Amino acid sequence: MTSESARAAARHMEMLILKGIVFTVVGTCMLIGVFMWAQSTRAFLRTSIVVPGRVVKLNAGPHHPEIAFTTLAGEHVEYPQGGDVSVPDGATVEVRYAPEAPAMTARMNTFGAIWGGMLTLGGMGAVFFLAGIGHLWPGVRAWRSGRTRA
């Protein structure tokens with residue numbers, strides 16, 4: 001019969017390994033998603049068109065502007081920009097869009113608007129991955145050596 005402390009230590013080791021697996025898998029999936037998003041963004045940057053636009057209103061403060069622009073084909077487009085930018089009402093900005101779908105692909109031509117969300121998700125994925133490895137490492141070492149950590 002094993003002692004209560006040995007059972008508790010075994011449960012702790014199993015939880016470390018389980019948490020490590022979950023966090024590592026989630027982090028890996030996030031990093032794979034970021035890699036695919038980066039490839040898509042690079043293709044967008046190669047094929048997109050840059051035109052001038054204007055902030056017509058602020059939807060929820062300066063980080064969520066509504067931007068209007070006219071495409072090279074003459075189509076007037078207004079779209080809400082995401083929160084990775086900060087601009088005042090009435091400001092003139094550059095807008096980048098794909099010619100085949102200007103309303104769906106438009107975004108400000110700034111580093112934050114183009115890469116900000118991806119870098120945020122990539123940072124979160126890296127933290128999840130490293131936290132998973134941090135949980136896996138001691139759990140697997142304890143399991144392989146036949147002893148557990150309290």
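The values are calculated or read from the model by the stated rules, or taken from the named source; none is laboratory data. Predicted model, so just to flag it, every value in this text is computed and none were measured. A quick note on method: Cβ atoms are made from the backbone with ideal geometry, for glycine too, and the neighbour counts reach across all protein chains shown.
Quick notes
- Enumeration of residues in the stretch 128-142 that are closer than 13 Å to Glu14 by Cα and either at pLDDT 90 or above or small (Gly, Ala, Ser) (or both): Gly139, Ala142
- Per-region count, the stretch 23-76, residues in contact (Cβ under 8 Å) with a residue 12 or more places away in the chain and touching a strand residue (DSSP E or B) at 6+ places or on another chain (Cβ under 7 Å): 21
- In the stretch 135-146, the residues that are in contact (Cβ under 8 Å) with a residue 24 or more places away in the chain form Cβ pairs under 7 Å with partners that are not in a helix (DSSP H, G or I), at six or more places apart or across chains, as follows: Pro138/Arg149; Ala142/Thr148; Ala142/Arg149.
- Residues of the stretch 59-78 that are under 24 Å from the mean Cα position of the chain (by Cα) and either assigned to a loop (DSSP other than H, G, I, E, B) or crowded, with 16+ Cβ neighbours inside 10 Å (or both): Asn59, Ala60, Gly61, Pro62, His63, His64, Pro65, Ile67.
- Candidates Ala106, Ala131: the one that is closer than 30 Å to His64 by Cβ and among the small types (Gly, Ala, Ser) is Ala106.
- Of residues in the stretch 1-21 being aliphatic (A, V, I, L, M) and surrounded by 14 or more Cβ atoms within 10 Å (Cβ to Cβ), the one modelled with the highest pLDDT: Ile21
- Residues (of a type in the set (Lys, Arg) and more than 24 Å from Leu31 (Cα to Cα)) located in the stretch 93-147: Arg96, Arg141, Arg144, Arg147
- Scanning the stretch 22-48 for residues that are touching a helix residue (DSSP H, G or I) at 6+ places or on another chain (Cβ under 6 Å) and either of a type in the set (Lys, Arg) or surrounded by 16 or more Cβ atoms within 10 Å (Cβ to Cβ) (or both) returns Phe23, Thr24, Val26, Gly27, Met30, Leu31, Val34.
- Residue match in the stretch 79-100 (condition: without any contact (Cβ under 8 Å) to a residue 12 or more places away in the chain, surrounded by fewer than 17 Cβ atoms within 10 Å (Cβ to Cβ), part of a helix (DSSP H, G or I) and of a type outside the set (Ser, Thr, Tyr)): no
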